Amino acid sequence: MNRDLKHYSKNFILCGEIDYHCFLCQESFVSFEGVDKHVKWEKHRVAIKNLEKDGPYSKDSIFKIREDYYCEICNEITTNAKKHRDTKSHKDAKENSTIPRYAKGISPFVLRKADGSFSVNGDFKINLLEWHGINKDFCTLCAREIRDLAIHVTLNVHIINLIQTKTMLFEKQYYRKLREDKFYCFLCSNLYPITDLEKHWNSVCEATLKAKAKVLNEKDLHLIKDDPELGKALLKLQSSFFDIDESDKAKCLECGETMTAVLECLLDHRKKHTSRRQKDTENEKSYEVYFAEVTDHGKRRKDLAAYCRENFMKLNRTGSWGFCTICCVPISAHMKQAIEHVQGQRHKGFLELKGLRKRSQHEEPYCEKQKFTLFLKHIFKTDTAYCVKSYLSIDGYSLLLMGEYMKGSGEMKCFACDEVIKEQLADDHCKTKAHIDRVLSCHVMLVEGGLEFIRMIRPNLYHCAICNVTLAYWESVHRHITALIHGMKKTKKVLPPPEARILYNKYGCRTSKGDIHIQLKRLGLCEKKE
């Protein structure tokens, strides 16, 4: 790694093996490219300039940020600055001018792959949840039970815990060192003391290793020719790395090169990328394709449940339908539909937005935007719903950026606050100051034609009030509003002109005053007083 880690440390960037986090601005990144852009950001520079640097531990390069302390020398966070200052590792680092964890460089063991998975020393592949230390509903990094995986793996405290660990080699196997006495096995996802590392290795770990290490090489290409269905399945897996169009042209998502969508050609192109990153290990492998997504016809239900779990999806108790917790949409309980959703634009967009996938170029909105506070005068409340611009009927929860989380769960998702809330507490939540402030901070996207109500909740996160769904990045919005299902829902929401006039005459806004409190009171959206 030819990066000056001390430069990042001086900019309050916590550097992990493949994850990075600005402790000052509380933003996470999955590549140095993202970090480099961030440290040049004006807001980041202003935050450093305004930071108090005359504290009691400043001479030791330890600064208080919020309730914790950041050590620039060690690139660590601590709650006890005095105790940290007196440790041998800090004193040695100060004397030698090196970051203790990376005195020998960043761990060469882990590589983030284009499909969102991770390669451990080129020997085997692990999925995102395994990398984040998730074992069923328990986070080994944070030592706590979790309810929403998609939210938890993006939390600042979780990312910090992840960064401050290190991958290590023990008896030719790889583990994550969590604490002095605890080690996480990437294969079985369990924790062990160092005294049990050798004897914990069993047939389950051995079988898991073989399954994760299975690759396709030149000698096995005849299998594809003998089994056309296998060839089709393997070609479909390449959509994580290539954009394949109807004319059988494939565009590499990493470098932008276009080629014919032939499996051998695509595999050979991917090999070039891997060989540049891992010269010693990957050059020995002719082709690299993993079978994680190929349906096992003998135990579909079990495989579907496992695949859903790896990709932030849940199945209901009967397995009749599923739900994607990262996109907040229902899915059909079939492997084909699950794979199509995971490989689709929407799911990939949310992974990227949450920092779980490498960033790429996106379309800029082609329309103007208006502050939601200025748009309130165009909304009025009826007995059953809200009317936008007199002709669009919108559900109250949709207006307040709340949606059903998972059918039958008794929970709702607040898109504004990014929280999952019990259904019976939803009304109270909608009246909290924090929620109302976030709703009011949105911008309305003035889409040409006007028969839409799209809001930007935060940069690159949009909400369609007609369908009550969120969308990541503008190209997803454009695709959504031109889709048939959106058009069908819109026909039910757009009021006929006579009905619209009657409702406006009865309920329409009668004040031209722009005072926010007056507008909120008129719409029944005032915050709840304690």
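The values are calculated or read from the model by the stated rules, or taken from the named source; none is laboratory data. Since the structure is predicted, the reported quantities are computational estimates derived from the model, not experimental observations. Please note: Cβ atoms are built from the backbone with ideal geometry, for glycine as well, and neighbour counts cover all protein chains shown.
Annotations for the structure displayed:
- If you check PHE375, PHE380 for being part of a strand (DSSP E or B), among the aromatic types (Phe, Trp, Tyr) and farther than 28 Å from GLY344 by Cβ, only one passes: PHE380.
- Subset of region 169-181 [without any contact (Cβ under 8 Å) to a residue 24 or more places away in the chain and surrounded by 13 or more Cβ atoms within 10 Å (Cβ to Cβ)]: TYR175, LYS177
- Hits in region 300-320 - residues which are in contact (Cβ under 8 Å) with a residue 24 or more places away in the chain and either assigned to a loop (DSSP other than H, G, I, E, B) or of a type in the set (Asp, Glu) (or both): ASP303, GLU310, ASN311, PHE312, ASN316
- Within region 49-70, the set of residues being of a type outside the set (Ser, Thr, Tyr) and at pLDDT 90 or above comprises ILE62, PHE63.
- Only one entry in LYS104, LYS125 is in a loop (DSSP other than H, G, I, E, B) and either of a type outside the set (S, T, N, Q) or at pLDDT 75 or above (or both), namely LYS104.
- Residue within region 376-386 that is modelled with pLDDT under 85, within 19 Å of the chain's Cα centre (by Cα) and loosely packed, with under 15 Cβ neighbours inside 10 Å present: no
- Any hit, region 36-49, residues being part of a helix (DSSP H, G or I), crowded, with 19+ Cβ neighbours inside 10 Å and over 25 Å from the mean Cα position of the chain (by Cα): no
- Hey, ALA426 in contact with an Asp or Glu (Cβ under 8 Å, 6 or more places away or on another chain) and among the aliphatic types (A, V, I, L, M) or not: no
- Within region 29-47, the set of residues being over 20 Å from GLU352 (Cα atoms) and of a type in the set (A, V, I, L, M) comprises VAL46, ALA47.
- One residue from LYS358, LYS348 being surrounded by 15 or more Cβ atoms within 10 Å (Cβ to Cβ) and modelled with pLDDT of 85 or more: LYS348
- In region 387-418, residue farthest from ARG147 (Cα to Cα) [restricted to those that are touching a His at 6+ places or on another chain (Cβ under 9 Å) and either surrounded by fewer than 16 Cβ atoms within 10 Å (Cβ to Cβ) or among the aliphatic types (A, V, I, L, M) (or both)]: LYS389
- Of the residues making up region 58-93, those that are without any contact (Cβ under 8 Å) to a residue 24 or more places away in the chain, out of contact with any Phe, Trp or Tyr (no Cβ under 6 Å at 6 or more places or on another chain) and polar (S, T, N, Q) are SER58, THR79, ASN80, THR87, SER89.
- Identity of the residue in region 328-348, free of Cβ contacts under 8 Å to residues at least 40 places away in the same chain and part of a loop (DSSP other than H, G, I, E, B), that ends up nearest to LEU155 (Cα to Cα): GLY344
- Among residues of region 149-164 that are touching a residue at least 24 places away in the same chain (Cβ under 8 Å), those with a beta-carbon under 7 Å from a residue that is among the charged types (D, E, K, R) at least six positions away or on a different chain give the pairs ILE151/ASP418; THR154/LYS354; ILE159/ASP19; LEU162/ASP19; ILE163/ASP19; GLN164/GLU76.
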